[in-house]
Amino acid sequence: MRYAMAIDTAKCVGCGDCVVACQTENNVPHGYCRDWIVETVSGSYPNVQIELRSERCNHCDNAPCVRCCPTGASHIVEGGIVMVTHNECIGCGACIESCPYDARYSHPEGYVDKCTFCKHRVDKGQNPACVDVCPTHCLHFGDLDDPNSDVSKALKNRNWKVLAPEAGTKPQLYFLI
Amino acid sequence: MKTRRDFIKISAAGTGAAAIGLHSLKLRGFSLLGDENEQTPASDEEMTPYPTYCEVCFWKCAGWTYVDKKGNIRKVIGNENDPHCNGRLCPRGTGGIGMYYDEDRLKHPLIRETKPDGTQYFRKASWDEALDVIAEKMDKLRKEHGPECLALFSHGTGGKLVSHLVKAYGSPNISAPSFAQCRGPREVGFTATFGEDVMSPERTDIRDTKCLVLIGSHIGENMHNGQIQEMSAALENGATIITVDPRFSTAASHSKYWLPIKPATDMALLLAWMHVIIYENLYDKEYVEKYTFGFDELKEHVKNKTPEWAYGLTTIEPEIIRRTAREMAAASPRVLVHPGRHVTWYGDDTQRSRAIAILNALLGSWGRRGGFYNPESVHVPNYPHPPYPKPKRSWKDAYPPGKYKLVSEVLSTGICDATIPNPDLDCHLRGWIVYGTNLMASLPDQKKTIAAINNLDFLVVIDTMPMDITGYADVVLPECTYLERYDFLRTSPHREPVIALRMPAAKPKYDSKPNWWITKQLANRLGLQDYFQWENIEELLDWQLKKIGSSLDEMKRVGVKKYPREYDDLYNLENLEDFEFNTNTGKIELYSTELEMEGFDPLPNYTRHPEPPEGYYRLNYGRAPMHTFSRTSNNHNLWDLMNENSVWVNPKVADLWEIKNGQYVWLKNQDGIVSSFPIKVRVTERIRWDSVYMVHGFGHTDKKLRRAYGRGASDSELVSKVYLDPVMGGTGMRSNFVTFLKEKPGNNREEVES
């Protein structure tokens with residue numbers, strides 16, 4: 001089993017609904033977020049392109065945050081989800097520095113926090129909150145080992161890219177282009 | 001300078017906003033739960049869902065408010081059975097709990113008082129006292145000047161209750177800025193053509209269209225939920241999107257064609273499109289033959305409106321005009337030239353909406369799949385009440401006889417006109433109730449609004465937040481938020497007739513009250529209790545629901561209920577069915593006999609609009625997906641997604657002015673009005689060099705909005721020049737021009753500390 005997410009940049013309108021849904025689902029504290037929107041503009045008027053991306057932890061196969069964690073608080077669970085055990089985390093911040101995606105933040109209560117792919121929902125067979133709220137249906141989640149999962153189907157007929165492939169992290173967020 | 005109604009900042013004790021600078025390109029999230037914060041995600045099974053429908057915007061998506069075992073509202077999730085949202089709320093709906101948890105909410109009734117030294121302030125009052133004061137003022141007004149001297153401005157569901165009260169009281173002056181400042185020209189233009197208007201939610205069949213044409217309509221930035229979902233579905237199905245916008249909008253970025261039009265020239269493009277479609281014989285001949293009136297006149301009218309003619313005006317190349325016209329025709333009848341929503345731009349907006357309607361008629365899209373469907377709503381009977389008294393005069397008496405005959409709703413700016421005394425006209429309004437709309441931001445020409453307010457005997461504001469308008473009130477009533485109250489059923493038309501229930505998920509916070517209670521209390525005090533014969537709104541809702549084969553109990557369980565269609569088909573002209581349109585000729589009027597009779601152009605003409613003076617740029621404004629008007633800027637969740645607006649400036653212009661990305665500037669308009677606050681510059685290739693762009697609804701002046709105060713600039717205060725639509729009184733607001741001030745200007749705002 002390998003959980004992954006595909007983000008359709010041809011559909012995303014950058015509304016930030018995924019960010020708000022994550023906050024209310026996961027009680028992300030004031031001033032922090034587990035997912036965010038990136039807008040990149042290229043070209044010059046009137047030949048302009050925009051790419052809008054909903055980003056979060058890439059739940060990498062080769063996760064530097066897990067490798068550098070001195071206490072083992074950062075770890076990988078079944079399905080490849082990278083998790084942080086809050087009461088084992090000493091808040092040293094090594095993982096924050098090591099992440100090429102800037103996906104982690106220091107929680108005011110002293111531990112490091114980030115996207116869990118809404119494991120508490122996924123365990124019950126639900127989608128992450130961001131996926132279920134997206135008005136454009138631009139987020140696809142599921143098991144890459146299951147050819148009928150949403151994410152497998154989304155990746156099948158489209159070109160995609162990952163972010164910072166040169167980092168060698170084998171990220172599991174796929175951006176449909 | 002002091003006026004008789006000084007602007008009062010609701011609390012003198014309020015401290016400045018705690019500025020939390022956190023901004024990169026990332027949209028950072030905020031939790032709302034404050035000291036009730038819980039670290040573990042709430043499991044849905046451990047919570048109780050209560051049905052509601054959203055009130056953060058007019059789309060009114062139905063959802064479920066989840067409440068945990070401690071009684072805390074944790075989240076709002078869309079109702080899967082609701083066609084407005086299909087189970088997915090937009091960021092504002094998802095962040096709607098921010099409205100409930102906002103610490104800056106109006107907490108108690110407030111009454112304006114004057115100290116012996118003349119300073120005015122708000123005194124905290126009990127509900128009984130505040131309601132007594134309002135009833136006394138309304139009674140006095142009714143006795144001394146007649147009930148027609150009262151006017152209501154309203155926005156949102158609760159406005160229906162205040163409307164009922166105002167009608168029972170005897171006044172016809174019930175207005176909403178959503179007409180004259182927003183969709184009015186579209187409704188009048190489409191009604192003149194098809195005999196019916198576009199309605200809300202719009203009857204646009206985006207889901208099934210093969211070609212969607214957006215003219216200045218930035219779906220995706222305006223978060224009209226159902227439309228965004230359908231646009232995404234249409235993209236998935238391979239539909240062509242053609243976006244006409246001087247700005248590279250999000251919709252433009254998802255479009256096959258982006259036409260970066262010179263602002264204020266849309267009419268020329270529309271006429272050229274008609275020219276191509278008619279003279280290349282691309283129109284739907286059977287449809288035009290069977291349903292329309294005035295085709296020959298139209299053909300002659302657009303004879304010289306060639307793409308080459310339009311090129312010089314619009315800067316859109318003739319070949320692109322032809323190619324896009326052919327794309328539309330190839331998709332016909334499953335093509336949709338979207339009527340837009342906020343269309344009060346240049347003062348000839350009814351005529352531009354007419355041109356859009358005509359283009360749709362030529363393409364045969366009205367009443368067709370992928371074009372405009374035929375919506376239907378559930379008829380919910382009114383709870384019995386005596387007939388409303390017949391008013392003897394109205395706001396229209398403030399104008400010469402015969403003016404605005406085609407106006408189908410009350411003009412909010414007309415209410416202002418009818419309040420400012422004029423020796424030649426019957427301007428008689430003396431009391432206003434303002435419900436759920438921040439007039440300082442929703443009406444243009446603030447000077448005029450303030451002049452009208454200063455002529456009032458009384459101004460009552462009912463709201464949940466201390467918006468800028470509340471500072472002008474004599475009495476402020478704090479309504480509880482939509483998550484804490486019942487309201488009338490939602491009955492908006494859709495493909496399937498559908499109703500939705502809103503019920504409270506928590507008790508009202510602070511000393512706030514639901515509007516049904518407020519209006520009933522006022523009615524009792526005014527001797528109008530016969531109009532409110534129900535004990536409480538649950539009794540009213542249950543009575544109504546039982547009349548349509550449901551009950552309050554059932555609706556509490558399901559939230560949304562669909563009914564079978566009773567009338568015509570959804571696509572009632574799909575197979576050229578016989579149909580009589582509600583126009584003078586019974587046909588779709590390409591040539592409008594109604595407009596002709598009233599002395600207006602029966603066929604739309606291109607009008608040249610003012611151009612920016614040297615060193616000035618056209619001020620365009622629009623929406624951000626995470627905010628609604630000016631009402632959400634203090635909502636903690638949404639504030640953190642976007643906590644100020646910026647002014648978009650083309651890099652060439654930025655170079656010329658030596659302005660850098662991220663720098664703050666003040667904007668000064670053609671009338672010398674300078675923005676109260678500085679605004680951050682966004683240097684971007686997404687905007688033309690002859691215009692600037694900003695998101696509406698920022699630059700709040702009330703310090704009591706601790707997060708929103710002073711953040712960004714208000715487009716509304718820079719819209720001092722209004723071009724009135726002669727057909728329906730719409731306020732064209734997009735011929736205002738601004739320039740940049742890099743230094744803080746002298747204080748141009750009159751401030752009265754309290």
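For B:Pro514, the criteria (1) buried (at least 23 other Cβ atoms within 10 Å of the Cβ); (2) in contact with a Cys (Cβ under 6 Å, 6 or more places away or on another chain); (3) not acidic (Asp, Glu) hold in every case but one, which is (1).
Conditions tested, residue by residue: (1) under 30 Å from B:Leu406 (Cα atoms); (2) of a type outside the set (Gly, Ala, Ser); (3) more than 29 Å from the chain's Cα centre (by Cα); (4) crowded, with 16+ Cβ neighbours inside 10 Å.
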position: B:Leu526; (1), (2), (3), (4): no, yes, yes, yes
position: B:Leu540; (1), (2), (3), (4): no, yes, no, yes
position: B:Ser551; (1), (2), (3), (4): no, no, yes, no
position: B:Leu576; (1), (2), (3), (4): yes, yes, yes, no
position: B:Tyr591; (1), (2), (3), (4): yes, yes, yes, yes
position: B:Glu594; (1), (2), (3), (4): yes, yes, no, yes
position: B:Leu603; (1), (2), (3), (4): yes, yes, no, yes
position: B:Glu611; (1), (2), (3), (4): yes, yes, no, no
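Taking residues in the range A:77-90 that are within 15 Å of A:Ala63 (Cβ to Cβ), and partners anywhere that are in a helix (DSSP H, G or I), the pairs with Cβ atoms closer than 8 Å and at least 6 places apart or on different chains are A:Val77/A:Lys119; A:Gly79/A:Val122; A:Ile81/A:Lys119; A:Ile81/A:Val122; A:Val82/A:Cys65; A:Val82/A:Val66; A:Met83/A:Lys119; A:Val84/A:Cys95. What about A:Ser54, is it more than 7 Å from chain B (Cβ to nearest Cβ) and over 14 Å from A:Tyr101 (Cα atoms)? No: the conditions fail for A:Ser54. Could you pull out the residue among B:Asn584, B:Asn524 that is more than 30 Å from B:Ile77 (Cα to Cα) and part of a loop (DSSP other than H, G, I, E, B)? Matching residue, one of B:Asn584, B:Asn524: B:Asn584. Scanning the range B:373-397 for residues that are out of contact with any strand residue (DSSP E or B) (no Cβ under 8 Å at 6 or more places or on another chain) and not in a loop (DSSP other than H, G, I, E, B) yields B:Lys396, B:Asp397. Residues in the range A:85-125 that are more than 14 Å from A:Thr71 (Cα to Cα) and of a type in the set (Asp, Glu): A:Glu97, A:Asp102, A:Glu109, A:Asp113, A:Asp123. Please verify whether the range B:654-672 includes one or more residues that are within 14 Å of chain A (Cβ to nearest Cβ) and either over 30 Å from B:Gly95 (Cα atoms) or modelled with pLDDT under 95 (or both). Checked against the condition, which is being within 14 Å of chain A (Cβ to nearest Cβ) and either over 30 Å from B:Gly95 (Cα atoms) or modelled with pLDDT under 95 (or both), the range B:654-672 yields at least one hit.
Determine if the range B:141-152 includes at least one residue that is touching a Cys at 6+ places or on another chain (Cβ under 7 Å), among the hydrophobic types (A, V, I, L, M, F, W, C) and at pLDDT 95 or above. Yes, the range B:141-152 contains at least one residue that is touching a Cys at 6+ places or on another chain (Cβ under 7 Å), among the hydrophobic types (A, V, I, L, M, F, W, C) and at pLDDT 95 or above.
When A:His75, A:His59 are checked against the criterion of being away from chain B (no Cβ under 14 Å), surrounded by 15 or more Cβ atoms within 10 Å (Cβ to Cβ) and assigned to a strand (DSSP E or B), a single residue qualifies: A:His75.
Conditions (1) modelled with pLDDT under 95; (2) assigned to a loop (DSSP other than H, G, I, E, B), marked per residue:
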{"position": "A:Met5", "(1), (2)": "no, no"}
{"position": "A:Lys11", "(1), (2)": "no, yes"}
{"position": "A:Cys15", "(1), (2)": "no, yes"}
{"position": "A:His30", "(1), (2)": "yes, yes"}
{"position": "A:Arg34", "(1), (2)": "no, yes"}
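Yes/no matrix, rows are residues, columns are (1) assigned to a helix (DSSP H, G or I); (2) within 13 Å of another protein chain (Cβ to nearest Cβ):
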| site | (1), (2) |
| --- | --- |
| A:Asn87 | yes, yes |
| A:Cys92 | no, no |
| A:Ile96 | yes, no |
| A:Ala103 | no, yes |
| A:Pro108 | no, yes |
| A:His120 | yes, yes |
| A:Gly125 | no, yes |
| A:Cys130 | yes, yes |
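Being assigned to a loop (DSSP other than H, G, I, E, B) and among the β-branched types (Val, Ile, Thr) holds for only one residue in B:Thr449, B:Thr470, B:Thr437, and it is B:Thr437. Note on the range A:102-138: residues that are charged (D, E, K, R) and surrounded by fewer than 18 Cβ atoms within 10 Å (Cβ to Cβ) amount to 5.
Residues are listed down the side, and each one gets a yes or a no for (1) modelled with pLDDT under 95; (2) within 21 Å of B:Arg490 (Cα to Cα); (3) surrounded by 23 or more Cβ atoms within 10 Å (Cβ to Cβ):
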site	(1), (2), (3)
B:Pro177	yes, yes, yes
B:Gly189	no, no, yes
B:Thr193	no, no, yes
B:Met199	yes, yes, no
B:Lys210	no, no, no
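Tell me whether the range B:404-421 contains one or more residues that are of a type in the set (Ser, Thr, Tyr), closer than 16 Å to B:Val198 by Cβ, surrounded by fewer than 23 Cβ atoms within 10 Å (Cβ to Cβ) and at pLDDT 95 or above. No, the conditions are met nowhere in the range B:404-421. Within the range B:252-263, residues that are on the phi > 0 side of the Ramachandran plot have Cβ atoms under 8 Å from residues that are aliphatic (A, V, I, L, M) and in a loop (DSSP other than H, G, I, E, B) in no pair, counting only partners at least 6 apart in sequence or on another chain. So is A:Lys119 within 15 Å of the chain's Cα centre (by Cα) and more than 23 Å from B:Pro41 (Cα to Cα) or not? No; evaluated as a whole, the condition is false for this residue.
In the range B:86-112, what residues are more than 8 Å from chain A (Cβ to nearest Cβ) and either modelled with pLDDT under 95 or surrounded by 24 or more Cβ atoms within 10 Å (Cβ to Cβ) (or both)?
Of the range B:86-112, the ones more than 8 Å from chain A (Cβ to nearest Cβ) are B:86, B:92-93, B:96, B:98-112.
Of everything in the range B:86-112, those that are more than 8 Å from chain A (Cβ to nearest Cβ) and either modelled with pLDDT under 95 or surrounded by 24 or more Cβ atoms within 10 Å (Cβ to Cβ) (or both) turn out to be B:Arg92, B:Gly93, B:Gly96, B:Gly98, B:Met99, B:Leu106, B:Pro109, B:Leu110.
Look through B:Tyr486, B:Tyr531, B:Tyr510 and report the one residue that is within 30 Å of B:Ala418 (Cβ to Cβ), over 21 Å from the mean Cα position of the chain (by Cα) and among the hydroxyl-bearing types (Ser, Thr, Tyr). Answer to the check: B:Tyr531. Residues that are closer than 23 Å to B:Pro109 by Cα and of a type in the set (A, V, I, L, M) within the range B:504-547 comprise B:Ala505, B:Ala506, B:Ile518, B:Leu522, B:Ala523, B:Leu526, B:Leu528, B:Ile537, listed in sequence order.
Need a quick list: helices (runs of 4 or more DSSP H) entirely within the range B:166-263 having at least 1 residues that are touching a Phe, Trp or Tyr at 6+ places or on another chain (Cβ under 9 Å) and among the β-branched types (Val, Ile, Thr). Before you say what the answer is, go through the steps one by one.
Numbers: elements: B:184-194, B:225-236, B:250-253.
Correct list: B:184-194.
Of all the residues that make up the range A:1-28, how many are within 7 Å of another protein chain (Cβ to nearest Cβ) and surrounded by fewer than 19 Cβ atoms within 10 Å (Cβ to Cβ)? Of the residues in that region, 1 qualify.
Quick check: anything in the range A:158-169 buried (at least 22 other Cβ atoms within 10 Å of the Cβ) and closer than 14 Å to A:Cys65 by Cα? Yes, there is a match, as at least one residue in the range A:158-169 is buried (at least 22 other Cβ atoms within 10 Å of the Cβ) and closer than 14 Å to A:Cys65 by Cα.
Give, as residue ranges, the helices (runs of 4 or more DSSP H) completely inside the range B:636-754 that count at least 3 residues that are farther than 20 Å from B:Leu443 by Cα and under 24 Å from the mean Cα position of the chain (by Cα).
Numbers: elements: B:636-641, B:651-657, B:715-718.
By residue number, B:636-641.
Residues in the range B:541-569 that are part of a loop (DSSP other than H, G, I, E, B) and either closer than 20 Å to B:Glu286 by Cα or among the charged types (D, E, K, R) (or both): B:Arg565, B:Glu566, B:Asp568, B:Asp569.
May I ask you to list the residues in the range A:147-165 that are more than 13 Å from chain B (Cβ to nearest Cβ) and either within 20 Å of A:Val82 (Cβ to Cβ) or of a type in the set (A, V, I, L, M) (or both)? Reasoning before the result, please.
Keep residues of the range A:147-165 that are more than 13 Å from chain B (Cβ to nearest Cβ), which gives A:147-152, A:155-156, A:159-165.
Correct list: A:Ser149, A:Val151, A:Leu155, A:Val162, A:Leu163, A:Ala164, A:Pro165.
The values are calculated or read from the model by the stated rules, or taken from the named source; none is laboratory data. Predicted model, so just to flag it, every value in this text is computed and none were measured. Cβ coordinates were reconstructed from backbone atoms using ideal geometry, including for glycine residues, and neighbour counts include every protein chain displayed.
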